[in-house]
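Presented below is the structure to which this report refers.
The values are calculated or read from the model by the stated rules, or taken from the named source; none is laboratory data. It should be emphasised that the depicted structure is a prediction, and the values quoted were computed from it without experimental measurement. Here the Cβ is made from the backbone with ideal geometry for all residues, glycine too, and neighbour counts use every protein chain on show.
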Amino acid sequence: MTYAYIRASSDLKREPIEYPNRIRVGNKQNQFRIQVPLLIGKGRIEEVQDARLAMYILEDLQKSGNLSHSPTNAEVLAVASHITRIKNERHFDARLRKIIELSSMDSLLVAMDLKTGKEISYFTLLNDNWDHAFGPIRESGSRLSVGIVPMFNRYFSNNFSKYADTTNNNHNEFTFLNKNLTRELEVGTEIMASFAYEKPIGLAWQHSSYLKAGYSINQKNEIWENYESDLLVDDLTTDWILPDINLLASHAVGYYPNSRTEIYSQATIQYALETKKEQIENTPDLEEIASVFAASLRIGGTYYFSPQLTFNAYIVGNYHNNNKTVERENDPVKFELSNRMFDANLMAGFTYKIF
């Protein structure tokens, strides 16, 4: 659900002053939009970054000589499950939370007969991984979903111009108002199916895929009115039927060479066939058919210098191919428009955290 309110105005001055003199223009917009996905499906995607954290903790403790033996897969899973459980507990004091969490981890490692070595080295490594090796989010599993997405959209716009009477030297008094009101009501439903797949490959690699197909048909009623000094002088009612087919596919690969640095890439392609059928005062007037193909590639990453300072960069390229056909009722002229566009953006910068 989204709601947007926009209001803008500007004052104009003209020399020499003429009649009528427009001295203020403005616009007010209100939009309320709600979409409610109603989906059923099969499958499950779980967050597995706690297992990653468990492996980092146990690997560092083993390298420093603070483990009595190399942990088995069952012991790694036990530590990961324990991390998930204690991280889901609620605490109101962050300092006490940290004490309770590390004490619980220490008790677990003692009970599993894994703990050994120097206390200061042991707790330093445990604390460091707990603070800095818990992310990013990693997921595993697949999910297939089908269903409908009802949509309701209400839009209102008011464009106005205020004029002053300059014949009687009342330059600052509004004596004439012109405004255009637009009211739109759009309702519709999308029938969709999607498939998501997440596969971690060890500690270092992550593959993420997503597919979506949808068909939607919306109906929109648009009322336009023109007023002069609060007197209606012109109006127009338009009905739109908006069928739409859309397909999307994306695949992302993430590389995590250590617990604090990441490199990722994502490729996305999208196709949509959009149709607009217009009726003015219940009379067919216009049909517009547009096919849109879009593709994008994004590559980025984060490099860790310290808990406070990281370097972030990404480059993204986008390609759009839009073909449109426009026909009017009882008009032999058919318009065919084609538009191709490519753009690329590069961003690089440092992030410094005060806290």
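Below are the figures for this structure:
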{"item": "In the range 277-317, the residues that are closer than 30 Å to residue 352 by Cβ and in contact with an Asp or Glu (Cβ under 8 Å, 6 or more places away or on another chain)", "result": "301, 302, 307, 317"}
{"item": "Out of 248, 211, 236, 242, sole residue that is exposed (fewer than 14 other Cβ atoms within 10 Å of the Cβ), part of a strand (DSSP E or B), in contact with a strand residue (DSSP E or B) (Cβ under 8 Å, 6 or more places away or on another chain) and aliphatic (A, V, I, L, M)", "result": "236"}
{"item": "Matching residues, the range 256-279, being of a type in the set (D, E, K, R) and in a strand (DSSP E or B)", "result": "262, 274, 276, 277, 278"}
{"item": "Test for residue 68: is it touching a residue at least 12 places away in the same chain (Cβ under 8 Å) and either of a type in the set (Asp, Glu) or out of contact with any helix residue (DSSP H, G or I) (no Cβ under 9 Å at 6 or more places or on another chain) (or both)", "result": "yes"}
{"item": "Set 316, 253: member being closer than 27 Å to residue 209 by Cβ, in a strand (DSSP E or B) and touching a residue at least 40 places away in the same chain (Cβ under 8 Å)", "result": "253"}
{"item": "The range 1-38, subset surrounded by 10 or more Cβ atoms within 10 Å (Cβ to Cβ) and among the aliphatic types (A, V, I, L, M), residue modelled with the lowest pLDDT", "result": "17"}
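Every residue, every condition in (1) surrounded by 14 or more Cβ atoms within 10 Å (Cβ to Cβ); (2) under 21 Å from residue 306 (Cβ atoms); (3) among the charged types (D, E, K, R); (4) out of contact with any strand residue (DSSP E or B) (no Cβ under 6 Å at 6 or more places or on another chain), yes or no:
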residue	(1), (2), (3), (4)
99	no, no, no, yes
116	yes, no, no, yes
119	no, no, yes, yes
129	yes, yes, no, yes
